[in-house]
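For reference, the structure is listed below as structure tokens.
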Amino acid sequence: MRRDIFQAIADPTRRAIISLIALQAMTPNAIAENFNSTRQAVSKHLRILTECELVKQEQKGREIYYTLEIQKMKEIDKWLEQYRKIWEGRFNQLDNLLSTIKKTKK
């Protein structure tokens, strides 16, 4: 079953995992050391992130390392961009209104 990337990032633990591996590739055990949950729970989160293609696995010797898949993060950013433009437009309108009010009070 293919999961939606927005379902994946909705969970705070998965967002924290993304933050960790954004800095460097990490093994599941190294990731699990950062959480007060079981190794199995962290593995479940990693599986979901992998299914959504937000992280990828790389075998190095006996260890598996997880790294962030930047292209998928760009997909999220692209979706957010449409709303960012709306918010910035509204903030600019508010700035203009506040400037007008400030000028009329002088």
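What follows is calculated from the coordinates using simple rules that are stated; it is not laboratory data. A quick note: this is a predicted structure, and the numbers were derived from the prediction, not measured. All Cβ positions, glycine included, derive from the backbone under ideal geometry; neighbour counts span all protein chains shown.
Annotations for the structure displayed:
- Using a Förster distance of 22 Å, the FRET efficiency for Q40-D11 (Cβ separation, nearest 0.05): 0.90
- Expressed per residue, the C-alpha convex hull volume of the stretch 1-68 stands at 82 Å³.
- Ascending count of other beta-carbon atoms within 10 Å, so fewest first, for K105, K72: K105, K72
- Prolate/oblate/rounded label for the stretch 34-83 (Cα gyration tensor, a/c 1.5): oblate
- Each part reduced to its alpha carbon centroid, the stretch 26-46 and the stretch 57-77 end up 15 Å apart.
- Qualifying lysines (Cα of each under 21 Å from Cα of K74; at least 8 residues distant if same chain): K56, K85
- Charge dipole of the chain (Cα centre as origin; +1 on each Lys and Arg Cβ, -1 on each Asp and Glu Cβ, all else neutral): 540 debye, rounded to the nearest 20.
- Fewest-first sequence of L20, L46, L97, L54 by Cβ atoms within 10 Å of each Cβ: L97, L20, L46, L54
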